[in-house]
Amino acid sequence: MGQPVESAATRRARNYPADTAWFCDFQTFPVEGLGPEVGVHRRDPSSVLTVDGRYHVWYTRSTGETDGFGEDPMAKVFPWDWSEIWHATSDDGVVWVEQGRALGRGEPGSYDDRSVFTPEVLEHDGWFYLVYQVLRSPYRLRSPESIAIAKAPGPDGPWERSTRPILEPQADGEWAGQEDNRLSVVSRGSFDSLKVHDPILVPYRGRFYLYYKGEQMGEGFTAGGRTTRWGVAIADHVEGPYRRSPANPVTNSGHETCLWKHGDGIAAMLSTDGPERNTMQFAPDGINFEIMAYIPAPPVAAGPLRRDEPVDAPLDGVRWGLCHDVSNTWNYILGFAADERQKTFYTSGQSPETAHVPAVTALPPPGRR
Ligand code: AAL
């Protein structure tokens, strides 16, 4: 039998995207005021907004050691347990000043009495909106997690929260037994049967697209790792009601959401989980995403600097921003920037010297990007 004319890998490579516009490395850099601090967790920063020449960000903030799931139902389980949403500002993108708590937990017994965390922000029609995760006590392995919304007349609040979540998990799986074990199920249900996480609001085609990460009852683990996927729920009005797209899930991978408008479509950066992690993707209709680039190391939980005008180059949606580092006991926030030096060298033939640009060490001053 003759040798195969070409290998399977060669055949696969024929379908890989050739456009380099979506490829980049990323650099991270320390920022003051939101960095490492013993006793304090800061994580999951929102997008960065520019308001009157000043940067604004919202993020999860909590204090104290974490104990994991144990006997004491009131003990802090994770860094995002017993959290609040805080607000910080900066005039240069490097030195940040904590302005204090933007939104605290709800009253005991309310849907958000245990934690409010992982915010994203949208400025629209003169109002500011936070979408974020909510958790009601007790916090157990099988606890559902939902998404709520709050609005304010300005970045400094006061924030008025929704009376109930705007999106809840589908809860359409079936647990096996009474043990508090999130993997023992009779049936898993939908990709978002247990938790809806990492919300981000994108005004698109005259409606509001709420993208989010789903976590499943009896979550699986495949060759790509955890089976976390993104869905989208769509509303005519920013405060809802939100209805899930029948096409959900709209990704087969990814963890924290990071999406931005590009041209007439929606661009996405997926990280951390799934066979398509660490990719840039684009959906011309906001639903059907295709891979545009495979990137080495996206920033984790990226909150990009939101630009007022429509972006032209694909990477303009993630050129700068804030992200987090959770590799230490105390989670903290740092800056990130897209780095196209390697690509510039290979695609323009510039010598390494001329292609070399100084390492990115700060967000651009507000107003100049
Ligand atoms: C984050 C997000 C969600 C998870 C936890 C806090 O990166 O994916 O918010 O619940 O981790």
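The values are calculated or read from the model by the stated rules, or taken from the named source; none is laboratory data. If you're wondering where the values come from, they're calculated on a predicted model, not measured in any experiment. Because the Cβ atoms are built from the backbone with ideal geometry, glycine has one as well, and the counts that use them run over all protein chains shown.
Of note:
- Given (1) assigned to a strand (DSSP E or B); (2) of a type in the set (A, V, I, L, M); (3) in contact with a helix residue (DSSP H, G or I) (Cβ under 9 Å, 6 or more places away or on another chain), index of the condition Leu315 fails: (1)
- In region 54-65, the qualifying residues are those that are surrounded by fewer than 21 Cβ atoms within 10 Å (Cβ to Cβ) and charged (D, E, K, R), and the one that is farthest from the chain's Cα centre (by Cα) is Glu65.
- Some residue of region 123-140 being closer than 24 Å to Gly35 by Cα, touching a Phe, Trp or Tyr at 6+ places or on another chain (Cβ under 7 Å) and surrounded by fewer than 16 Cβ atoms within 10 Å (Cβ to Cβ): no
- Some residue of region 106-118 being of a type in the set (Gly, Ala, Ser), more than 24 Å from Gly335 (Cβ to Cβ), within 13 Å of the ligand (Cβ to nearest atom) and at pLDDT 95 or above: yes
- Summed over region 36-53, the residues that are surrounded by 15 or more Cβ atoms within 10 Å (Cβ to Cβ) and of a type outside the set (Ser, Thr, Tyr) give a count of 9.
- Residue within region 231-248 that is of a type in the set (Ser, Thr, Tyr), more than 16 Å from the ligand (Cβ to nearest atom) and not in a loop (DSSP other than H, G, I, E, B) present: no
- Complete set of residues in region 303-314 that are touching a residue at least 24 places away in the same chain (Cβ under 8 Å) and surrounded by fewer than 23 Cβ atoms within 10 Å (Cβ to Cβ): Arg306, Arg307, Asp308, Pro310, Val311, Ala313, Pro314
- Residue check for Val238: under 20 Å from Trp58 (Cβ atoms), surrounded by fewer than 22 Cβ atoms within 10 Å (Cβ to Cβ) and more than 13 Å from the chain's Cα centre (by Cα): yes
- Yes/no for Val134 being among the hydrophobic types (A, V, I, L, M, F, W, C), part of a strand (DSSP E or B) and within 16 Å of the ligand (Cβ to nearest atom): yes
- For region 146-164, a residue qualifies if it is within 14 Å of the ligand (Cβ to nearest atom) and surrounded by fewer than 17 Cβ atoms within 10 Å (Cβ to Cβ), but none of them does.
- The single condition among (1) closer than 22 Å to Glu145 by Cβ; (2) more than 16 Å from the ligand (Cβ to nearest atom); (3) in contact (Cβ under 8 Å) with a residue 60 or more places away in the chain that Tyr59 does not meet is (2).
- Some residue of region 77-92 being within 25 Å of Ala297 (Cα to Cα), more than 16 Å from the ligand (Cβ to nearest atom), surrounded by fewer than 14 Cβ atoms within 10 Å (Cβ to Cβ) and in contact (Cβ under 8 Å) with a residue 40 or more places away in the chain: no
- Matching option when the condition is part of a loop (DSSP other than H, G, I, E, B), of a type in the set (S, T, N, Q) and within 13 Å of the ligand (Cβ to nearest atom), among Ser190, Ser143: Ser143
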